[in-house]
Every structure is written in C-alpha cells, then in structure tokens.
C-alpha cells in the first residue's frame with residue numbers, strides 16, 4: 001500500500017507513520033517528492049486497515065496497490081519521476097539522448113566519439129568497460145582501464161557517463177567511476193546484483209531481459225527500489241521473438257504500457273533492437289513517438305573496425321543526422337531536445353594525467 005502524506009507534513013509525522021508500519025512487520029520506504037512525501041509499505045507483515053492510517057496526523061490518504069510491484073507503481077508518483085544522471089534529468093520535458101561506443105577500446109576512439117556525440121546534442125556518454133559476450137573468446141572489454149578512460153572523457157567533455165556492471169563484485173569499482181550503473185538484458189533477473197545496485201546511491205539503467213514480460217521487468221526494478229534506491233530508469237531494448245530479420249523485436253507497445261504502470265522514466269535502445277545501423281534511426285523515432293523519455297544509441301568513429309557490435313553502431317555523421325531528424329518530431333510531441341553543443345578541438349584538450357586521476361580518487 002501507499003500512504004500519501006499531506007503537503008507540508010513534518011518529518012515527525014512521516015517518522016510516526018514509518019514506526020507504525022514497522023510495528024506491524026512492514027518496511028516503510030519514504031519517497032520525498034517536490035511537493036509531498038509518499039510512503040510505500042511492503043513486506044509480509046500484517047497490513048493495517050486504511051482508516052487507522054488515515055487517522056494519523058499528516059496522512060492525506062491510503063492507496064492499496066494490487067499489482068506485485070509496489071514502489072515503482074505509478075500510484076506512488078502519478079506525475080512521473082525524474083532521475084538525474086550527473087546534472088542531466090531523465091523523465092522531464094527534455095528528451096535525453098545517451099550515445100557512445102558499445103565498448104571502450106582506446107582513448108582516441110572514446111574521446112573522438114564523446115566529442116562528436118556532444119557536438120550533435122547527446123547529454124550522456126555511454127561506453128562498455130566490462131562486456132557480456134555470447135562467446136568467451138570475444139572481446140570482453142578493457143575493465144578498469146576503460147573506467148579510467150571514461151572518467152577522462154567526462155572531465156574533457158562534461159558529459160556524465162554510464163557503463164554496465166556485470167557482477168556483484170564489480171559494483172563498488174564501477175560506482176567509483178560511473179555516474180550511472182547499467183544492468184544489461186542478460187542480468188535483468190540477477191537478483192543479487194539488483195539488490196546490490198539498490199544499495200548504491202547511483203542511478204540505475206535497467207534493460208529489459210531478452211524474453212522478459214513487462215511485469216517481470218517492473219519486478220526487477222522493484223528489487224532495486226526495495227533496497228532503497230529509487231533512481232531507476234527502464235530501458236526497452238527489444239525482445240526475442242520468432243522474427244530473425246532484426247537482432248531483436250523492439251516492443252514499442254511496452255513503452256506505452258509501462259508508462260501507465262510505473263512512475264519510472266523509460267528509454268528506448270534502438271541499436272540493440274535493430275542490429276543494423278540503417279534501421280536505428282527509424283526505430284529511434286518510433287520510440288520517441290511512443291512516449292520514451294530518451295534513446296540510447298551506439299556510435300563508433302569506425303564501425304567496421306569496432307571490437308563489439310560494429311554492424312549496429314552509427315558513424316558520428318549518421319548520429320548527427322539522426323539528431324537533426326529527431327528535432328521536429330520531439331517538438332511535435334511537446335518536448336525538447338538539447339541543442340548541438342560547441343566542443344573544443346581535439347588539440348585544445350590535454351589528456352588527463354595519472355596524477356589528476358589520483359586527485360579525483362579515480363586511480364589505484
């Protein structure tokens with residue numbers, strides 16, 4: 001159930017509701033909004049009757065939630081939540097574009113891509129440090145070296161960075177470098193990993209599993225939220241169907257359906273759904289038209305030489321053209337898109353020295 005507090009409810013009143021719930025064997029999850037606080041009550045204890053809770057000072061109303069996902073339910077925040085990755089809000093008026101290489105391969109590859117996507121209007125840089133590959137013999141990522149390169153790219157461009165974490169033992173390390181942690185499709189139901197990122201004070205981008213239902217996707221988000229981390233962004237990246245022309249089938253309907261079920265922001269990843277760069281733009285436009293809060297796009301300066309997922313990566317020129325094509329669509333759906341940015345020339349930026357990384361607490 002959800003307890004909606006009155007506007008201006010005091011901390012003492014919020015604490016008293018939480019105490020009453022704890023006495024009944026329930027866990028209270030206060031969620032502080034801009035105007036009011038709501039308290040999610042979850043657990044296996046005895047749920048009180050609505051009247052006894054509504055009689056408490058500061059309580060406006062109590063809303064029973066029948067769906068199994070409680071904390072990420074739309075009823076918790078009917079207006080929708082905004083998740084900040086660095087200084088970039090996801091879920092507000094702006095459609096946010098996250099772009100970058102599938103895998104970090106080198107400093108020249110990463111910084112050239114970062115500069116290009118920022119110049120075109122991307123707001124967040126993506127790049128894989130640890131890569132889950134179908135074959136154990138495929139490129140698995142540069143690991144910590146890639147994290148250090150992402151930190152350098154953030155310092156050089158000002159773009160917040162998001163990268164994937166594959167296991168519980170990587171969470172602490174990745175959280176030191178990244179502005180947001182990504183849970184990939186293969187790990188969507190890795191419940192121990194979900195719990196661990198739920199204990200971090202970092203936004204989490206949760207990709208839908210290859211064969212997951214919408215409810216299973218939202219229940220995976222509930223695992224994260226149940227540990228106290230409400231900073232969750234859902235990512236629809238396509239599901240596995242009988243169709244084998246595309247890499248996956250982009251489930252545009254999931255954006256529409258999930259928006260009615262959850263207050264969490266939703267992104268679309270057309271790169272993984274398409275599997276081919278010439279289809280990415282069309283699927284990206286479809287995601288925005290369906291109501292997605294943004295896109296995740298793979299971009300590589302030379303896709304033919306990419307060590308991971310080259311066929312689906314856009315060139316910087318293709319990405320810039322996609323951004324130009326998105327602008328009228330974004331305006332048509334009543335939202336905004338960041339303008340193209342001015343970035344220093346390659347020669348104007350000095351690579352971050354090892355000593356500078358130490359000063360940021362990012363080496364060792």
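The values are calculated or read from the model by the stated rules, or taken from the named source; none is laboratory data. Bear in mind that the values here come from a model prediction, so they are computed numbers and not experimental data. No Cβ is skipped: glycine too gets one built from the backbone with ideal geometry, and neighbour counts run over all protein chains shown.
Here are a few things to note about the model shown:
- Residues of the range 179-189 include at least one that is over 21 Å from residue 104 (Cα atoms) and either at pLDDT below 95 or buried (at least 19 other Cβ atoms within 10 Å of the Cβ) (or both).
- Test result for residue 95, touching a strand residue (DSSP E or B) at 6+ places or on another chain (Cβ under 6 Å), closer than 30 Å to residue 321 by Cβ and either assigned by TED's automatic domain parsing to the domain that holds residue 119 or free of Cβ contacts under 8 Å to residues at least 40 places away in the same chain (or both): yes
- Checking the stated criteria, residue 316 turns out not to satisfy the condition of being modelled with pLDDT of 95 or more, assigned by TED's automatic domain parsing to the domain that holds residue 123, farther than 21 Å from residue 283 by Cβ and more than 21 Å from the chain's Cα centre (by Cα).
- Taken residue by residue, the range 68-82 has at least one member that is closer than 30 Å to residue 147 by Cα, surrounded by 13 or more Cβ atoms within 10 Å (Cβ to Cβ) and either without any contact (Cβ under 8 Å) to a residue 12 or more places away in the chain or out of contact with any helix residue (DSSP H, G or I) (no Cβ under 7 Å at 6 or more places or on another chain) (or both).
- Filter pass, residue 33 being over 14 Å from residue 226 (Cβ atoms) and outside the structural domain of residue 92 (by TED's automatic domain parsing): yes
- Single unsatisfied condition, residue 53 versus (1) surrounded by 14 or more Cβ atoms within 10 Å (Cβ to Cβ); (2) without any contact (Cβ under 8 Å) to a residue 12 or more places away in the chain; (3) over 30 Å from residue 164 (Cα atoms): (2)
- Restricting 146, 114, 153 to residues that are within 27 Å of residue 210 (Cα to Cα) and either crowded, with 24+ Cβ neighbours inside 10 Å or modelled with pLDDT of 95 or more (or both) narrows the list to 146.
- Across the range 19-40, the qualifying residues are those that are in contact with a helix residue (DSSP H, G or I) (Cβ under 6 Å, 6 or more places away or on another chain) and closer than 16 Å to residue 52 by Cβ, and the one among them that is surrounded by the fewest Cβ atoms within 10 Å (Cβ to Cβ) is 28.
- Residues that are touching a residue at least 60 places away in the same chain (Cβ under 8 Å) and either surrounded by fewer than 17 Cβ atoms within 10 Å (Cβ to Cβ) or more than 19 Å from the chain's Cα centre (by Cα) (or both) within the range 271-301 comprise 300, 301, listed in sequence order.
- The range 1-18 residues that are in the same structural domain as residue 38 (by TED's automatic domain parsing) and surrounded by fewer than 15 Cβ atoms within 10 Å (Cβ to Cβ), paired with ones that are assigned to a strand (DSSP E or B) and modelled with pLDDT of 90 or more (beta carbon under 6 Å, 6 or more apart): 6/60
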